[in-house]
1. Going by the structure shown, is residue B:226 surrounded by 17 or more Cβ atoms within 10 Å (Cβ to Cβ), assigned by TED's automatic domain parsing to the domain that holds residue B:160 and over 25 Å from residue B:148 (Cα atoms)?
2. Name the pairs whose Cβ atoms lie under 6 Å apart, with the first residue in the range C:195-208 and under 15 Å from residue C:174 (Cβ atoms) and in the same structural domain as residue C:340 (by TED's automatic domain parsing), the second small (Gly, Ala, Ser) and surrounded by 15 or more Cβ atoms within 10 Å (Cβ to Cβ), and 6 or more positions between them or separate chains?
3. Find the residue count for the range A:256-274, including only residues that are open to solvent by 40 Å² or more (accessible area, probe 1.4 Å) and in contact with a Lys or Arg (Cβ under 8 Å, 6 or more places away or on another chain).
4. State yes or no: is residue A:264 in contact with a helix residue (DSSP H, G or I) (Cβ under 8 Å, 6 or more places away or on another chain) and either modelled with pLDDT under 95 or away from chain B (no Cβ under 14 Å) (or both)?
5. Scan (1) within 12 Å of chain A (Cβ to nearest Cβ); (2) of a type in the set (Ser, Thr, Tyr); (3) more than 18 Å from residue B:130 (Cβ to Cβ); (4) open to solvent by 30 Å² or more (accessible area, probe 1.4 Å) for the single condition residue B:34 breaks and write down its number.
6. Please indicate, with yes or no, whether at least one residue in the range C:59-80 is touching a Pro at 6+ places or on another chain (Cβ under 9 Å), in a loop (DSSP other than H, G, I, E, B), within 14 Å of chain B (Cβ to nearest Cβ) and open to solvent by 20 Å² or more (accessible area, probe 1.4 Å).
7. For the range A:155-232, please list each of the helices (runs of 4 or more DSSP H) lying entirely inside it that holds at least 2 residues being within 12 Å of another protein chain (Cβ to nearest Cβ).
Amino acid sequence: MSYTEVEFTFEPGGYADNATPLIRNCWYVAGFASEISRDIISRRFLGVDVALYRTLAGEPVAVRNRCPHRSFPLAKGRLDGDVLVCGYHGMQFDPSGRCVNMPSMPIVPANANVRTFPVAERGPIVWIWMGNPDLADESLIPNTEWLADPAWKSVRGTFPLNSDYVSMHENLLDQTHFPFLHPGTVGTLEYARSKLKVRQEGETVIIDRSLKNSPPPGIYGIPTNLMHKNVDRLSEARFASPAMHVAFAQIIDHEPAEGRPSVYRFNITHLVTPESNGRIHYWWFNTRNFDLDNSKTDDFLYEASTKAYLEDVDALEAILNAVQTDVEPQFDLNFAPDKPGLMMRKVLHQRAAAEAGYQFA
Amino acid sequence: MSYTEVEFTFEPGGYADNATPLIRNCWYVAGFASEISRDIISRRFLGVDVALYRTLAGEPVAVRNRCPHRSFPLAKGRLDGDVLVCGYHGMQFDPSGRCVNMPSMPIVPANANVRTFPVAERGPIVWIWMGNPDLADESLIPNTEWLADPAWKSVRGTFPLNSDYVSMHENLLDQTHFPFLHPGTVGTLEYARSKLKVRQEGETVIIDRSLKNSPPPGIYGIPTNLMHKNVDRLSEARFASPAMHVAFAQIIDHEPAEGRPSVYRFNITHLVTPESNGRIHYWWFNTRNFDLDNSKTDDFLYEASTKAYLEDVDALEAILNAVQTDVEPQFDLNFAPDKPGLMMRKVLHQRAAAEAGYQFA
Amino acid sequence: MSYTEVEFTFEPGGYADNATPLIRNCWYVAGFASEISRDIISRRFLGVDVALYRTLAGEPVAVRNRCPHRSFPLAKGRLDGDVLVCGYHGMQFDPSGRCVNMPSMPIVPANANVRTFPVAERGPIVWIWMGNPDLADESLIPNTEWLADPAWKSVRGTFPLNSDYVSMHENLLDQTHFPFLHPGTVGTLEYARSKLKVRQEGETVIIDRSLKNSPPPGIYGIPTNLMHKNVDRLSEARFASPAMHVAFAQIIDHEPAEGRPSVYRFNITHLVTPESNGRIHYWWFNTRNFDLDNSKTDDFLYEASTKAYLEDVDALEAILNAVQTDVEPQFDLNFAPDKPGLMMRKVLHQRAAAEAGYQFA
């Protein structure tokens, strides 16, 4: 099935859902920088298999994982210096995708090349551009400077989900599920009911929540050692791009113990790359500006984050399974707290429609 | 895939087969009464996922297993008294499907409700109506009074089959396969060749067989202790509804031993609910009017029935697999003993056509 | 899905690929003769399930593996002498497919027959004709006389592949992959670069390669004990039919040791029967004319062949998986060494088009 054959009808003012064609002109995450090495790996992004490796100089390379000759997966081949050698007939491709040697031919035909994809390394992340390469402007890569800043410390994880990026982003913009899906970690009922401000800047959807003088949830109260008292909790969560959601949280202790800060900051970075409309890659970072060298804090935040995100995985997979296997198509009743998610879905729908060539008056 | 999108062309006088749209306006079995409790379970009936539980007062409740908000499976939630609480955002639904609380909203929107299904408990069975609820007349529930009558004793079992209810009912109305598929239990060649009478009363297809002065098959001869002598064997088998087939068998011993009856009766109840066109739920009861307290008789009848029905499962699954995976479509040569099955398939076809709005002159 | 419903558009001068309708009017291999016995087995050929057994006299029989009554798989029945008894209702079919007894009927209806397929046994192979039986001319069976000739000795094996016969034949006609996919066994770089002659005789595509005074690859050098010296290597490889590829190899030692031959011959027979467009049965023979009684030579050739063919299996399955799961359809860049494969693919395309009734001017 070619992706050019997908039929989908866009309508003015529509909302993206799990069936909406995936946005291609976007920097997505290809992997943690540490996942890409001299051992070739393959991953599927937006339906396209990609082989990933590094040159001898350490530059990441992303190349179509199908030899243009007979579709043999290039990731099953081997590296000879910076050259990727196909495992079937030995065709050799340089990091630009140009074929530089065909063992069975005296000269290399001019068309014997393989597609490559723009990549860019930023701190612990390698980004990839699967769309029109002429539009791959590196200034469009979302800011994640805190991930490489020595004043901050991160824990991180990754797992695949049988879900779609629309539902994932909607889940991330929706904090009213916290006390029900994550009762032991991020959820308190007071927070779910706290005042929500929503705004949109360009294609970025931003929500602000502020909860004063209230007990913190475990994920913030335990590493700050503030479970015994009331604090202020501020958070700004941003749908930054189809590939990224980021939450900036502050826990404010107005009467800090001696030697402890008054403001604790947490930046939570969620990175999503669709493999298809029904499966996504997911990478997350929980980054803090305090107790950088405390490995117990690392361990707690890794375990609490993993627990909460696996609860999201379980919910999102159950929902997509229900939608895909049920005789009735997707339906949604929308309520007031769904507003940020719907704003995001409108952005995704508009971008997908624009890529498909739709023009709405 | 919506079930409204299924295309199927009915023809006058046609016979249902595994591709015929499933009949919806019918009481089907949701489960043994003992399967439905305060622990919420989910089952798929006619392509629709249903969550099943009991109220504190013990009433069975059947509710759509998709939250109307974001399709989260309600069976993954929890009960709070009689209220079903969604595990994603905490929406609370009463047993009528009305949303009575939304934690993130000050008032409950009028449309925040979930579909429920009529259910009715009859002895050891909970029945469900998946069709038009206005037509859910409880007087249409088939009679199974012997299952709750203290003068009778039942053994029972349940398993799922990768088959279709048309083939299942055809198998149940066809006794000429007994000596071949069930040589060790219900089958004797004399019985397969005995005189068959077929009649139809409304939409009920009834076959009568009578075999005089012949050795009984093991399933009747062993529990009656009559394997050593000839008996009369009478049976009436009924296609009672798309959900039920029942067989009334009598073994008549004209010279009973002292203290033993002359007539032994067995009522065999088969209950079938399609999950889809290719998978069915199946519940069975083997009910007798003698030796009610004899646990060895219980054990024998349970084991012999299970053996025979698993032989049917194996055959029916092999047939559907052949039909579904083969390059050639379903074909059937029909012979005289197939008459009752064809009458039943005509009834199913007419009912399915009527539900689809077909009118034949 | 009926195979009459497959839509495929043939174009003049086209090349077969994995989507091309399978050629039906051809003798294919049903199995090693030793695989077909008094124990009924079932296999799928060209999408059609076939039951295979032998009569008491030892004749192989191939019969449609679906009872014409209710599609019960006949291979799940049993043999009563030469008669195949269906396991569902006991219908009995003689080796010609004629129903000779129906237990539940006084006489056998004239139409109660099952389709059979022409079969022919040749040495260690049973051939089957799945197409129009009127065209099943045994003189069309490819010659494999060396497999039954006492002057030759064979080792052999079989495995299924998730691949298509077009890619398999292309792999077999392509020797430039030897040093890359099979570096330890059949591949040397000198051979891949040696002069290739291609010719077509009718629908047979033939390639000749000759490499003088060069080190032999392990698969030929080790059993001949010639790894230490240069030899001449001649080979002729033939796409003999959609069902068979055969390679005739000679290793020539111009200065043979005392008591050793100057010419060592290997006939490699590859036999392919499509189960579907995406799965094939594969049987192979490695046959030699020297050291017939040396079991170490048997063992070496069996192990080296199995290793090399499993490397092909792995490559062919990876390619079909890439083509089938990727969002982009099959594409191929063709180069000079692909010429024999393209000639073969043109033959397959022409035959498939002719069977589908296409006539090109």
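The values are calculated or read from the model by the stated rules, or taken from the named source; none is laboratory data. All values derive from a computational prediction rather than experimental measurement. We place every Cβ from the backbone using ideal geometry, glycine too, and count neighbours over all the protein chains shown. Note: accessible area is taken over every heavy atom of the protein model, side chains too, but ligands, DNA and RNA are not part of it. Shrake-Rupley method; radii C 1.70, N 1.55, O 1.52, S 1.80 Å.
1. Judged against the criteria, residue B:226 is a match.
2. The qualifying pairs are C:207/C:237.
3. Looking only at that region, the number is 1.
4. yes
5. (1)
6. no
7. The qualifying helices (runs of 4 or more DSSP H) are A:165-173, A:178-181, A:189-193.
Condition check ((1) surrounded by 19 or more Cβ atoms within 10 Å (Cβ to Cβ); (2) within 17 Å of the chain's Cα centre (by Cα); (3) modelled with pLDDT of 95 or more; (4) in a helix (DSSP H, G or I)) across all residues:
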site	(1), (2), (3), (4)
C:1	no, no, no, no
C:9	no, no, no, no
C:24	yes, yes, yes, no
C:42	no, no, yes, no
